[in-house]
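K.L.:
Next up is a structure, given as structure tokens.
The values are calculated or read from the model by the stated rules, or taken from the named source; none is laboratory data. Computed from a prediction, not measured in an experiment: that's the story for all the values here. Positions of Cβ are generated from backbone atoms using ideal geometry, with glycine treated the same way; all protein chains shown enter the neighbour counts.
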Amino acid sequence: MRIYTSSDAKREFGEVLMRVQQAPISVTRNGKPIAVIISNIEYQEMKRQILIAKLIEGERSGNAGELDIDDIKLKARKKVGEDFSGTKNH
């Protein structure tokens, strides 16, 4: 994984956007990792994998309850937001 300082990432943002299409990029500040930048394709795949895992988990629990596709989508979006931000989306 290529590593950029936050200053370099800001200064070379166009290059970062091009390189991130090939592989994730780590961004550091004061020598410590603070972020990882991934392509939209990788992000969408991660969301898809999380959704699949949650669907399998729900199926295995045997307690699906009443199914409402809009409610399922809303919960999945909230969960993905929690997984990537570390905070709850309300």
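K.L.:
Please give the number of the condition ILE50 fails out of (1) assigned to a helix (DSSP H, G or I); (2) farther than 20 Å from GLY81 by Cβ.
P.N.:
With respect to (1) assigned to a helix (DSSP H, G or I); (2) farther than 20 Å from GLY81 by Cβ, ILE50 is out only on (2).
K.L.:
Could I ask something else about it? Condition first: in contact with a strand residue (DSSP E or B) (Cβ under 8 Å, 6 or more places away or on another chain) and more than 30 Å from LYS73 (Cβ to Cβ). Now tell me which residues in the range 26-59 satisfy that.
P.N.:
SER26, VAL27, THR28, ARG29, PRO33, ILE34 - these are the residues of the range 26-59 that are in contact with a strand residue (DSSP E or B) (Cβ under 8 Å, 6 or more places away or on another chain) and more than 30 Å from LYS73 (Cβ to Cβ).
K.L.:
Restricted to the range 27-76, and to residues that are modelled with pLDDT of 95 or more and more than 12 Å from the chain's Cα centre (by Cα), which residue is nearest to MET1 (Cα to Cα)?
P.N.:
VAL27
K.L.:
Restricting the search to the range 1-38, which residues are among the basic types (Lys, Arg) and touching a helix residue (DSSP H, G or I) at 6+ places or on another chain (Cβ under 7 Å)?
P.N.:
ARG2, ARG29
K.L.:
Looking at ALA53, ALA35, which is the one that is surrounded by 12 or more Cβ atoms within 10 Å (Cβ to Cβ) and not β-branched (Val, Ile, Thr)?
P.N.:
That would be ALA35, the only listed residue that is surrounded by 12 or more Cβ atoms within 10 Å (Cβ to Cβ) and not β-branched (Val, Ile, Thr).
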